[in-house]
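The values are calculated or read from the model by the stated rules, or taken from the named source; none is laboratory data. What you see is a predicted model, and the numbers here were worked out from it, not measured in a lab. Positions of Cβ are backbone-derived with ideal geometry, glycine not excepted, and every protein chain shown enters the neighbour counts.
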Amino acid sequence: MTTVRSFERSEALRSHAQTLTPGGVHSNVRLASPKIFFERGKGAWLWDIDGNDYVDYLLGQGPGFLGHAPDDITDAVTEAVRRGMVYGAQHPLEVEAGERFLAAVGWADQVRFGVSGTEVVQGALRLARAVTGRRRFVRFEGHYHGWLDNVLVTVRDHEATAASKGQLDSHVHDSIMLPWNNAEALEATLAEHGSEIAAVIMEPIMFNTGAVLPRQGYLERVRELCDKYGIVLIFDEVIAGCRVGLQGATGLVGVTPDLATYGKAVAGGWPVAALAGRADYMALFGTGEVNHSGTFNSSVMSAAAVAATMRRFETDPPYERIRAHGLALMDGLVELGARHGLPLRVQGLPMAFHASLGEDPAPFHDFEGLNKRDLAGYAELAKLFAQYGVWVAGRGIWYVSAAHGPAELEEALSRVDAALSSR
Ligand code: PMP
């Protein structure tokens, strides 16, 4: 179906929702999206309450890596939770989940499960401060590490400020903000401040603003510098983990961090995050010297979801299929852009790529480069795609799942074509 749809029921429900919930949404990330109410998701498809269908390339901002409601994971979780949900104690499934997860990512000795990426990032930073006895950390322009006070920032002209009213400004100064993919900038900062820095935290592939790979040799240099100054290197793999390959970005780039955070793709859509790392650092949680807690950590539901997701990766790894789909989709979008006289650019990896509008066809390598694109123009385009039945994020990221096949590819491209024709 490629005609413009009606959203009457969503609009009515949105008006009602706004009386109950600020902005009608439960996460501020959704404030800028079309306020569509979905009724159902299966595989690569979504259906809204007006009966419109969508090929989904947003995947709930990433968790739907195996598609919506994957039968094997749903069955495993349902069967497990019939026996109970939260014990405030241990259960065998969490051991299986931990073992399979560590085998999948390959490099880490130990893991703690949590619920959200935001909280495991905080666990990693706390652990790094405990290990080093230092306070500050280095982070990078355009990288997102959750919504809490010490990591949420707005960057303008390389200056980081609190992004939210009510946020403690002082926490923003716990970190030094640097341009990413720039070894000289890190080198110069550490030459001056190296002995004060507990951690360097980054997305090893920058997915939150663009889909940008590290430059040749950059991460190796970061690793060397962290070793030189006794700094804990944290990779935030909440998006990349188990998505860009089973071993995540760490496997792809061949550089090993000390700690890494995971979420989204590791649990087939269920709310699970993980903090993994070196045994000698992780041991501080085990002795109780460093606190990491949470009522819902490794619930039966989440352990079952992780274990089943890892089993799926072992028995039916989706990476080659996703790669083929993603590459064809990227090519198709560029071609449609050209045919409609639109400077549509794509870059990144087929599992998660970034689309933008810009006259310069060369890929960008950092946050500054992204900001030279027509971001507002693309956000409008994403809304138009939604009206024509392709559900994508306004910030340009396209996620491909194990459930996207040739039929979805053809349908998505024909819908994008129709959307572009309507302009
Ligand atoms: N780190 C990264 C790299 C992320 O992309 C996100 C979420 N998009 C987070 C941390 C925070 O995760 P959550 O939304 O689950 O708290």
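Report whether or not residue 160 is part of a strand (DSSP E or B), away from the ligand (no atom under 16 Å from the Cβ), closer than 30 Å to residue 229 by Cβ and small (Gly, Ala, Ser). Against the criterion (part of a strand (DSSP E or B), away from the ligand (no atom under 16 Å from the Cβ), closer than 30 Å to residue 229 by Cβ and small (Gly, Ala, Ser)), residue 160 qualifies. Say whether the condition of being within 16 Å of the ligand (Cβ to nearest atom) and either surrounded by 19 or more Cβ atoms within 10 Å (Cβ to Cβ) or at pLDDT 95 or above (or both) is met by at least one residue in the stretch 86-104. No, there is no match, as no residue in the stretch 86-104 is within 16 Å of the ligand (Cβ to nearest atom) and either surrounded by 19 or more Cβ atoms within 10 Å (Cβ to Cβ) or at pLDDT 95 or above (or both).
Against the numbered list (1) assigned to a loop (DSSP other than H, G, I, E, B); (2) within 16 Å of the ligand (Cβ to nearest atom); (3) on the phi < 0 side of the Ramachandran plot; (4) in contact with a Leu (Cβ under 9 Å, 6 or more places away or on another chain), residue 256 comes up short only at (2). Looking only at residues of the stretch 395-411 that are of a type outside the set (Phe, Trp, Tyr) and within 23 Å of residue 208 (Cβ to Cβ), we find that the one that is surrounded by the fewest Cβ atoms within 10 Å (Cβ to Cβ) is 395. Residue-level check: of (1) closer than 24 Å to residue 301 by Cα; (2) within 16 Å of the ligand (Cβ to nearest atom); (3) hydrophobic (A, V, I, L, M, F, W, C), residue 32 misses just (1). Is the stretch 168-187 home to any residue that is of a type in the set (A, V, I, L, M), within 16 Å of the ligand (Cβ to nearest atom) and in contact with a Lys or Arg (Cβ under 7 Å, 6 or more places away or on another chain)? Yes, that holds for at least one residue.
Tell me yes or no: at least one residue of the stretch 131-139 is in contact (Cβ under 8 Å) with a residue 40 or more places away in the chain, hydrophobic (A, V, I, L, M, F, W, C) and not in a strand (DSSP E or B). Yes. Counting just the residues of the stretch 207-253 that are within 16 Å of the ligand (Cβ to nearest atom), out of contact with any Pro (no Cβ under 7 Å at 6 or more places or on another chain) and assigned to a helix (DSSP H, G or I), which one comes out nearest to residue 400 (Cα to Cα)? Checked the stretch 207-253; the qualifying residue nearest to residue 400 (Cα to Cα) is 248.
State yes or no: is residue 172 β-branched (Val, Ile, Thr) and in contact with a helix residue (DSSP H, G or I) (Cβ under 6 Å, 6 or more places away or on another chain)? So residue 172 does not fit the description; no. Put simply, of 222, 131, 172 the only residue that is modelled with pLDDT under 95 and surrounded by 15 or more Cβ atoms within 10 Å (Cβ to Cβ) is 172. All of (1) in contact (Cβ under 8 Å) with a residue 60 or more places away in the chain; (2) out of contact with any strand residue (DSSP E or B) (no Cβ under 8 Å at 6 or more places or on another chain) hold for residue 324 with one exception: (1).
Summed over the stretch 286-344, the residues that are assigned to a helix (DSSP H, G or I), within 17 Å of residue 262 (Cβ to Cβ) and among the hydroxyl-bearing types (Ser, Thr, Tyr) give a count of 3.
Taken over the stretch 144-159, the residue count meeting the criterion of being polar (S, T, N, Q) and closer than 11 Å to residue 177 by Cβ is 1. Screening the stretch 259-285 for residues that are assigned to a loop (DSSP other than H, G, I, E, B) and within 13 Å of the ligand (Cβ to nearest atom) and picking the one that is surrounded by the most Cβ atoms within 10 Å (Cβ to Cβ) gives 272.
Yes/no per residue for (1) in contact with a Gly (Cβ under 9 Å, 6 or more places away or on another chain); (2) closer than 18 Å to residue 226 by Cβ; (3) polar (S, T, N, Q):
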| site | (1), (2), (3) |
| --- | --- |
| 170 | no, no, yes |
| 180 | yes, yes, no |
| 190 | no, yes, no |
| 203 | yes, yes, no |
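Show me the helices (runs of 4 or more DSSP H) found entirely inside the stretch 359-423 where at least 3 residues are among the small types (Gly, Ala, Ser).
Details: elements: 367-370, 375-387, 406-421.
The helices (runs of 4 or more DSSP H) meeting that bar are 375-387, 406-421.
One residue stands out in the stretch 140-157 among those that are assigned to a loop (DSSP other than H, G, I, E, B) and among the aromatic types (Phe, Trp, Tyr): the one that is nearest to the ligand (Cβ to nearest atom), namely 144.
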